[in-house]
Amino acid sequence: MAEGIRDKVAILGMGCARFGERWDAGPEELMLEAFTEALDDAGIERDQIDAAWFGVFFDEQSVGKSALPLSIALRLPNIPVSRVENLCATGSEALRGAVYAVASGACDFALALGMEKLKDVGYAGLPERSKGSFDDLYVPSYTAPGAFAQLAGAYAARTGMKMEDLKRAMAHVSWKSHQNGALNPKAHLQRPITMEQALEAPMVAYPLGLYDCCGVSDGAACAIVTTPKLARSLGRKDMVAIKALQLAVSNGAEAGHSSWDGSYSLTTRVAAERAYAEAGITDPREELDLIAGHDRVLGIDGEGPELLAGPDQGEHPVHDQPGDRVRRGDLGGGLVRHERGVKRHHDRHEQCRGDRQGDHHLDEVEPASGGASPRGCRGTCGRTHSEPPSV
Amino acid sequence: MKERGILAFGGYVPRLRLRRETIADALAWLNPGLKSQANGERSTCAWDEDSLTMAVEAARDCRLDGLDAPDNLVLASTTLPFADRDNAAVVTEALDLPEHINTLDISSSQRAGTAGLANALGAATGSSLLIASDCRETRPASPLEMQTGHGAAAMLVGEGKQLLARCLGHRAVSRDLVDHYRSQSSRFDYTLEDRWVRDEGFFKIIPETVSALLKELGAKPDSIDHIILPTPARVAKRLCKILGVKETGLADDLAAQCGHTGAAHPLLLLTATLEQVAPGAKILLVGFGQGADAFLFETSKQIASYQPRLGVAGHLQRRHEESNYVRYLSHRGLVSVDRGNRAEFDNRAALTTFYRKRDMVTGFKGGRCEACGTVQFPRAAMCVNPECRAMDTQTTISLSGMTGQVKSFTEDWLAATPNPPLQYGNIELEGGANIMMEITDCEPGTLKVGTVVEMRFRIKAVDEKRDFTRYFWKPSPVEEQ
């Protein structure tokens with residue numbers, strides 16, 4: 001009977017590039033920025049790494065296919081390197097590979113690195129892409145904002161919420177994220193915005209306005225993982241352990257079947273339920289200190305409260321109030337920091353580490369929950385704990 | 001010889017209407033004479049319509065229940081999208097007609113429609129679904145821009161007890177009077193002087209053809225109840241006098257509401273007439289273009305109980321004004337606009353994939369799982385119902401006739417589209433299929449969760465690099481009647 005990975009893997013080191021419109025940096029430079037910081041944080045040598053996972057989604061105009069770009073940039077010593085992709089869960093997929101390798105006993109040290117170089121596309125926003133040779137024949141040429149925007153109208157219809165109230169709730173999330181971004185030196189966007197700016201911004205895909213959508217950044221983040229035993233043997237006392245890492249992928253039922261009303265992320269709920277079970281969490285609202293929702297588009301960040309309550313919830317307002325656990329020290333939903341992938345795990349890790357100081361540090365961090373990613377690859381829930389596991 | 005005639009009919013006029021005043025306001029600086037023509041409005045295809053899509057819609061407007069499937073599908077147009085790809089075969093697929101029927105494209109003349117009709121009537125046996133459709137391109141500031149409209153008409157031609165109108169006779173004259181022409185490689189017509197066309201063409205060739213027909217049939221001109229002439233109204237009135245037919249029987253040329261629809265026009269006017277006509281009426285139908293066609297029809301008792309789904313009258317009422325002349329130009333490919341770098345995306349259609357899936361793409365046929373009853377699109381090996389997921393249980397089911405409701409939607413200003421914002425959403429069809437689809441014929445700001453929609457056959461995308469148009473179905477809001 002499989003027992004999951006709870007407490008089998010610890011994060012030894014993490015690194016993160018400065019996110020933004022990095023005209024100065026190509027994929028290689030971004031990878032190295034993240035990697036060198038992670039390696040230094042981990043306190044090990046490059047050649048101790050046994051295997052690596054490389055997450056890139058938009059490879060067409062950055063690195064192209066295969067894992068070679070990572071292996072070449074880092075001059076890894078012919079170790080196994082895998083390129084992975086799973087839409088917005090690509091970074092988490094890279095981490096999952098590294099974590100499972102260590103948890104299985106196949107590797108002592110494993111590397112996960114996520115990177116996107118989006119500003120070489122030549123125009124603003126995410127690049128157009130094929131949806132597959134059959135899908136291209138009939139699926140609308142939707143954009144990322146448009147894909148998520150559909151949730152909002154359906155949510156309003158289901159809950160009876162007025163669109164102006166939903167817009168206000170979404171604006172609150174963006175406002176909060178911009179506030180948090182200004183506290184993070186690695187964030188792309190450093191300027192707070194007002195609620196009015198969010199509400200009055202031009203429409204991108206109804207009902208999402210400019211500030212309801214994620215900006216497009218270049219960046220990279222990197223994690224080096226190992227067993228808690230090995231980490232302790234290297235002198236690490238305050239470490240962050242992975243309690244659960246769950247992925248739930250859509251099988252087409254949402255878009256193709258009447259059982260889905262279009263107003264929520266089914267796979268987020270499935271992944272959250274599994275992650276809580278794997279981690280032994282029965283009351284997320286009480287037991288979690290921090291939740292970070294996926295950044296991509298505002299509506300999804302509203303899943304924070306849904307993640308807290310667990311899968312079977314009633315109506316939950318799509319906003320967080322000051323003082324809510326979602327809010328406290330929350331850097332989550334960090335749109336502004338292009339809060340996704342490995343970087344999201346990086347930021348949770350930063351908040352959990354006792355030896356990290358700074359405006360966003362949390363004391364006495366209880367388990368924190370990482371966010372979900374949408375559309376086909378949902379609900380990656382990585383959770384961390386500040387106490388060393390008792391293994 | 002068995003009597004042959006019309007068993008069913010239908011029409012289609014695009015929803016978009018461009019007022020002639022809008023055209024004149026934009027172009028009077030160049031040609032002040034346009035102001036005198038600035039009456040009424042003309043129909044124009046939306047960016048996602050062409051002769052092929054209009055042909056499908058006209059055919060769908062026919063009521064064919066209770067009638068055998070046709071033996072032939074004949075598509076008549078001077079503006080077919082493909083010079084060499086069987087256009088009628090695409091229409092056959094879209095209409096879910098059997099593969100064994102004969103397909104035929106007729107082109108190259110303003111008489112393509114009436115020639116198709118003569119051909120179908122003249123067959124010894126069998127039935128033809130004849131569709132005439134034209135989406136003529138007209139140069140800005142040209143007389144034809146004002147006069148032309150876009151539209152299509154369809155009729156099932158055959159024999160039997162269910163005939164709505166039988167053909168008493170037909171006569172053609174072929175005469176190479178080049179009143180206008182368009183070469184294979186040109187987009188626009190070259191037109192000759194109106195007065196010459198009228199005097200040497202309309203006033204000579206049409207009476208010659210009609211007289212010969214009436215003489216052959218022993219029919220008196222004043223016995224004709226309805227006269228359909230594809231000429232400007234003034235010319236038509238004068239022709240009535242020349243022919244000796246009742247001017248009161250002259251069919252409205254639809255200039256005020258639609259414009260001249262090219263090869264479709266005689267059949268569009270015939271459809272409009274048949275929608276209102278009484279049993280036992282005699283109808284004279286004339287086509288003109290390097291000669292003339294003349295037909296005499298007589299309606300039967302059955303005509304009283306037939307109505308197309310909307311008909312020409314219904315489609316004329318289903319109207320939305322295109323008030324932006326430059327947008328009209330852009331959608332007709334008459335002005336080049338900067339669509340941004342995002343629109344550079346290479347839109348190649350994988351035609352091998354398309355071939356395998358063509359009944360789903362062109363025909364909009366999904367699957368029904370016989371294990372759980374779930375109707376779904378696309379049809380797949382595994383059922384989409386999360387409680388079922390059985391393998392190889394789906395039969396084929398047609399979805400194009402179903403209405404649906406909008407489950408969720410957005411209006412996307414970022415997506416590349418010729419007509420921003422791109423509207424799309426999750427549509428739940430009455431059979432239970434759920435599909436994310438692009439929405440058409442819908443004013444931005446009017447969509448709601450719950451909006452009721454019906455399916456239309458439209459252009460999905462144009463691969464401009466390889467000059468290939470591909471089609472799919474799109475929901476459009478059902479208008480309150």
- Message: Just the residues that are loosely packed, with under 15 Cβ neighbours inside 10 Å, in a loop (DSSP other than H, G, I, E, B) and in contact with a strand residue (DSSP E or B) (Cβ under 8 Å, 6 or more places away or on another chain), please, taken from the stretch B:311-345.
- Response: B:SER323
- Flagged in the stretch B:381-430 as facing chain A (nearest Cβ under 7 Å) and within 26 Å of the chain's Cα centre (by Cα), in numbering order, are B:LEU422, B:TYR424
- Message: Looking at the stretch B:448-467 only, could you name the residues that are farther than 14 Å from A:TYR138 by Cα, of a type in the set (A, V, I, L, M, F, W, C) and within 12 Å of chain A (Cβ to nearest Cβ)?
- Response: B:VAL449
- Just need a number here: residues in the stretch B:91-120 that are part of a helix (DSSP H, G or I), buried (at least 22 other Cβ atoms within 10 Å of the Cβ) and hydrophobic (A, V, I, L, M, F, W, C). 6
- Hits in the stretch B:272-290 (condition: out of contact with any Gly (no Cβ under 8 Å at 6 or more places or on another chain) and either surrounded by fewer than 22 Cβ atoms within 10 Å (Cβ to Cβ) or without any contact (Cβ under 8 Å) to a residue 60 or more places away in the chain (or both)): B:THR273, B:GLN276, B:VAL277, B:ALA278, B:PRO279, B:GLY280, B:ALA281, B:LYS282, B:GLN290
- Query: Which residue, of B:ASP61, B:ASP48, is closer than 24 Å to B:LEU274 by Cβ and buried (at least 17 other Cβ atoms within 10 Å of the Cβ)?
  - Reply: B:ASP61
- If we keep just the residues of the stretch A:137-159 that are among the polar types (S, T, N, Q) and in a helix (DSSP H, G or I), which is farthest from the other protein chains (Cβ to nearest Cβ)? A:THR159
- Task: Could you check how many residues of the stretch B:432-447 are closer than 13 Å to B:PHE472 by Cα, more than 7 Å from chain A (Cβ to nearest Cβ) and among the charged types (D, E, K, R)?
- Result: 0
- Message: Residues that are assigned to a helix (DSSP H, G or I) and over 25 Å from A:MET14 (Cα atoms): does the stretch A:243-253 have at least one?
- Response: yes
- Item | Which numbered condition B:THR374 misses (of (1) surrounded by 19 or more Cβ atoms within 10 Å (Cβ to Cβ); (2) within 11 Å of another protein chain (Cβ to nearest Cβ); (3) farther than 19 Å from A:MET203 by Cβ; (4) touching an Asp or Glu at 6+ places or on another chain (Cβ under 7 Å)) | (4)
- Task: Would you tally the residues in the stretch B:68-82 being within 18 Å of the chain's Cα centre (by Cα) and either at pLDDT below 95 or not in a strand (DSSP E or B) (or both)?
- Result: 6
- Task: Of the conditions (1) within 14 Å of another protein chain (Cβ to nearest Cβ); (2) within 22 Å of A:ALA156 (Cβ to Cβ), A:SER250 clears all except one; give me its number.
- Result: (2)
- Out of all the residues in the stretch B:237-257, is one or more assigned to a helix (DSSP H, G or I), β-branched (Val, Ile, Thr) and within 22 Å of B:ALA55 (Cα to Cα)? no
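The values are calculated or read from the model by the stated rules, or taken from the named source; none is laboratory data. Everything numeric in this text was worked out from a predicted model, so none of it was measured. No Cβ is skipped: glycine too gets one built from the backbone with ideal geometry, and neighbour counts run over all protein chains shown.
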